[in-house]
């Protein structure tokens with residue numbers, strides 16, 4: 001699959017204000033500064049689609065983008081706020097957490113959640129806790145390890161294995177995962193092929 005069109009649609013703080021759920025939807029989430037917006041732009045081959053920033057916490061709303069693939073299918077891609085928050089107040093943090101949870105648990109056409117993990121680091125508590133909550137909520141998700149180009153050879157493989165081992169405490173088997181690099185577009189085709197397969201199995205609500 002290839003994306004032939006992508007454009008920003010709407011931002012909101014309430015899942016009830018999201019676009020009509022008449023097509024498959026895929027959301028991307030991760031700790032702040034994991035490279036989420038850059039990955040979205042790489043997948044869509046549109047460097048100006050999602051706003052990127054060196055400062056964590058740039059994304060503060062549920063941001064919808066309308067995508068058209070080369071098979072003429074239309075679907076939504078969603079950029080969610082991070083769960084490893086920048087320097088914000090406790091009230092803002094609670095508001096973000098509730099907004100994210102409401103969207104993830106109640107958005108009826110959400111096909112899959114892509115959880116981004118920085119491949120440079122050891123397993124982070126924020127990532128593990130969030131993934132365990134997804135299990136309790138029975139949300140379908142996959143892992144996307146980012147910034148592979150910033151690692152030394154074989155380092156990503158070691159970090160991925162360490163992360164999956166950490167999940168073994170609460171999971172019988174690990175979720176599907178992808179390894180990516182925005183710089184050299186590694187992982188782009190496997191991710192798009194995965195979405196393409198899910199698109200084909202999507203049943204209109």
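Some observations on this one:
- Entirely in the range 44-140, the strands (runs of 3 or more DSSP E) that have 3 or more residues that are modelled with pLDDT of 95 or more, closer than 16 Å to residue 11 by Cα and under 15 Å from the mean Cα position of the chain (by Cα): 74-79
- Once the range 183-197 is narrowed to residues that are assigned to a helix (DSSP H, G or I), more than 15 Å from the chain's Cα centre (by Cα) and touching a residue at least 12 places away in the same chain (Cβ under 8 Å), the residue that is farthest from residue 35 (Cα to Cα) is 196.
- Of the criteria (1) in contact with a strand residue (DSSP E or B) (Cβ under 6 Å, 6 or more places away or on another chain); (2) crowded, with 16+ Cβ neighbours inside 10 Å, which one residue 190 fails: (2)
- The residue pairs whose first member lies in the range 158-178 and is closer than 13 Å to residue 135 by Cα, whose second member is assigned to a helix (DSSP H, G or I), and whose beta carbons are closer than 6 Å, counting only pairs six or more residues apart or on different chains, are 170/132; 174/164; 174/167.
- Subset of the range 11-25 that is surrounded by 13 or more Cβ atoms within 10 Å (Cβ to Cβ), over 22 Å from residue 191 (Cβ atoms) and touching a helix residue (DSSP H, G or I) at 6+ places or on another chain (Cβ under 8 Å) - its residue that is modelled with the highest pLDDT: 18
- All of 175, 123 fail the test of being surrounded by 13 or more Cβ atoms within 10 Å (Cβ to Cβ), more than 24 Å from residue 1 (Cβ to Cβ) and in contact with a helix residue (DSSP H, G or I) (Cβ under 9 Å, 6 or more places away or on another chain), apart from 123.
The values are calculated or read from the model by the stated rules, or taken from the named source; none is laboratory data. All values derive from a computational prediction rather than experimental measurement. As a convention, Cβ positions derive from the backbone with ideal geometry for all residues, glycine included, and neighbour counts pool all protein chains shown.
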